[in-house]
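Visitor: This is the structure I have questions about; it appears just below.
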Amino acid sequence: MIEAILGLPICVLAMAAAFALQGGLLLIDEFYFHRRRGLGLWERVGHPIDNLLLFLPLIFAFFSAPETGTARWIYFGFSALSCLLITKDEWVHTRECSASENWLHALLFVLHSVALGSAAWAWIQTGTSFREALEGGNLSGKVFAGQLALMVLFFGYQVLAGVGLGRFAYPSSELTS
């Protein structure tokens with residue numbers, strides 16, 4: 001029913017919804033919690049690294065077709081690495097964050113794997129690389145490319161904020177290691 005109303009396969013809708021929800025919560029984390037408490041060096045460096053590792057499976061799916069088991073295992077390996085890496089800041093978060101920020105992080109951890117899983121579902125259902133889908137005018141390619149573009153912009157913002165460039169700079173935090 002939803003597919004007929006919106007004209008998109010359910011797997012593409014799930015992917016878009018997962019990334020949209022994750023993105024919305026990331027914006028709350030970034031512009032409410034991080035701005036309120038400031039970030040130490042570990043988080044200023046670590047958060048862009050989290051995004052770089054999130055790009056690994058997504059860039060792989062953009063350029064590779066899911067036709068073989070090997071391609072799928074590579075995607076899932078990159079995804080597992082990304083999901084594990086995002087937990088690296090928890091020893092800092094335990095000390096630096098309020099309970100509400102920690103709860104938001106827990107939601108983001110869950111959504112991280114849901115977003116990667118829904119992207120895999122859309123990738124496999126599309127049957128081709130997202131680049132080929134985009135070039136062919138397939139809506140899954142357009143949705144995926146749009147999400148990827150927004151993520152690249154957010155990554156750029158995080159790098160600028162992390163190095164303290166102008167108005168993007170984070171407020172200082174007592175934590176420096």
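What follows draws every value from the coordinates through simple rules; no lab data is involved. Not measured: the values here are computed from a predicted model. For neighbour counting, all protein chains shown are included, and Cβ atoms are generated from backbone atoms with ideal geometry for every residue, glycine included.
Visitor: Viscosity 0.890 mPa s, temperature 25 °C: Stokes-Einstein D of the range 1-95 from its Kirkwood Cα radius, in µm² per second?
Guide: The diffusion coefficient I find is 156 µm²/s.
Visitor: FRET efficiency for residue 88 and residue 52, Cβ-Cβ distance as r, R0 = 22 Å, nearest 0.05?
Guide: FRET efficiency, residue 88 to residue 52: 0.95.
Visitor: In nm, to one decimal, how far is the residue 98 label point from the residue 139 one, both placed 7 Å along Cα→Cβ?
Guide: Once both label points are built, they end up 4.0 nm from each other.
Visitor: Consider just the alpha-carbon atoms of the chain and return their Rg together with their Dmax, both in angstrom.
Guide: Here Rg and the maximum Cα pair distance are 17.2, 53 Å.
Visitor: What FRET efficiency would be calculated for the residue pair residue 110, residue 81, taking the C-beta separation as r and a Förster radius of 25 Å, to the nearest 0.05?
Guide: Working: r = 17 Å, r/R0 = 0.69.
With R0 = 25 Å, the Cβ-Cβ based efficiency is 0.90.
Visitor: Give, in nm to one decimal, the length gained when the segment between residue 150 and residue 36 is fully stretched (0.36 nm per residue of separation minus the Cα-Cα distance).
Guide: Extending this stretch completely gives an extra 38.7 nm.
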